[in-house]
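The values are calculated or read from the model by the stated rules, or taken from the named source; none is laboratory data. Since the structure is predicted, the reported quantities are computational estimates derived from the model, not experimental observations. We place every Cβ from the backbone using ideal geometry, glycine too, and count neighbours over all the protein chains shown.
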Amino acid sequence: MKTELICSGFGGQGALTIGKFLAKAAMKEGKHVSWLPSYGPEMRGGTANVSTVISEKPIAAPIVSFPDILVALNQPSIDKFGPKIKKGGLLIANKDMCPKGLNREDIEIIYAPMNQIAQEIGDAKVLNMVAIGIVIGKKRLVKYDTLEEDLKDFLKQKNPDLLQANLKAIQKGIEIGEQN
């Protein structure tokens, strides 16, 4: 099975990190992956995005034109990529930053107040981890344990104080994904 994702948001929201951690975890689990970020002026506050493909078989091309899953952390991301979600696909949207949403009846949509959840956890930086948790809870693309291991290794060097908040955010996201 092959799953194509686009993760998108304002520069600094962690959209690229969502795709990166999902790809790394899938690779550790023996799956084929690709991770293709889109940099540029987006890093200065515009909409940045990443195409991530996770597959049981080799991947022919890393470009995702019509995603199975769109993780949209802001309204411009929905406006740009929402119409391209495959029929039967999934939109995971940050309710706090997507006031218009998306009007489609041929896909599943999960709106979650990711900014609010991150604030309740105590750190706005974990917004993207809520989104990763929703993907895992809804689609089971990777195992939580694999992601937790990667996160521990990454934050051990970079910012160990953020580990518990990140894990709590992922777990809250998993609950949301499982309930929807």
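Annotations
- Residues that are surrounded by fewer than 16 Cβ atoms within 10 Å (Cβ to Cβ), over 18 Å from residue 118 (Cα atoms) and either of a type in the set (D, E, K, R) or in contact (Cβ under 8 Å) with a residue 24 or more places away in the chain (or both), drawn from the stretch 145-178: 145, 149, 152, 153, 156, 158, 178
- In the set (1) crowded, with 17+ Cβ neighbours inside 10 Å; (2) at positive phi, the condition left unmet by residue 101 is number (1).
- Residue tally, condition charged (D, E, K, R) and part of a helix (DSSP H, G or I), over the stretch 114-133: 2
- The set of residues in the stretch 105-126 that are closer than 26 Å to residue 67 by Cα and among the polar types (S, T, N, Q) contains only 115.
- The stretch 65-74 - residue that is over 17 Å from residue 22 (Cα atoms) and touching a residue at least 24 places away in the same chain (Cβ under 8 Å) and, of those, farthest from the chain's Cα centre (by Cα): 66
- Qualifying residue in the stretch 75-98 (condition: among the hydroxyl-bearing types (Ser, Thr, Tyr), more than 16 Å from residue 22 (Cβ to Cβ) and surrounded by fewer than 18 Cβ atoms within 10 Å (Cβ to Cβ)): no
- Considering residues of the stretch 38-48 that are surrounded by fewer than 24 Cβ atoms within 10 Å (Cβ to Cβ) and either small (Gly, Ala, Ser) or under 22 Å from residue 139 (Cα atoms) (or both) only, the residue modelled with the highest pLDDT: 38
- Scanning the stretch 2-25 for residues that are part of a strand (DSSP E or B) and not hydrophobic (A, V, I, L, M, F, W, C) yields 2, 3, 4, 8, 9.
- Which numbered condition residue 142 misses (of (1) touching a residue at least 24 places away in the same chain (Cβ under 8 Å); (2) assigned to a loop (DSSP other than H, G, I, E, B); (3) surrounded by fewer than 19 Cβ atoms within 10 Å (Cβ to Cβ); (4) not polar (S, T, N, Q)): (3)
- Among the candidates 136, 109, residue that is in a strand (DSSP E or B), of a type in the set (A, V, I, L, M) and touching a Leu at 6+ places or on another chain (Cβ under 8 Å): 109
- Consider the stretch 49-98 and keep the residues that are in a loop (DSSP other than H, G, I, E, B) and of a type in the set (S, T, N, Q). The one that is farthest from residue 115 (Cα to Cα) is 65.
- Residue in the stretch 75-96 that is nearest to residue 9 (Cα to Cα), counting only those that are under 15 Å from the mean Cα position of the chain (by Cα) and touching a residue at least 40 places away in the same chain (Cβ under 8 Å): 77
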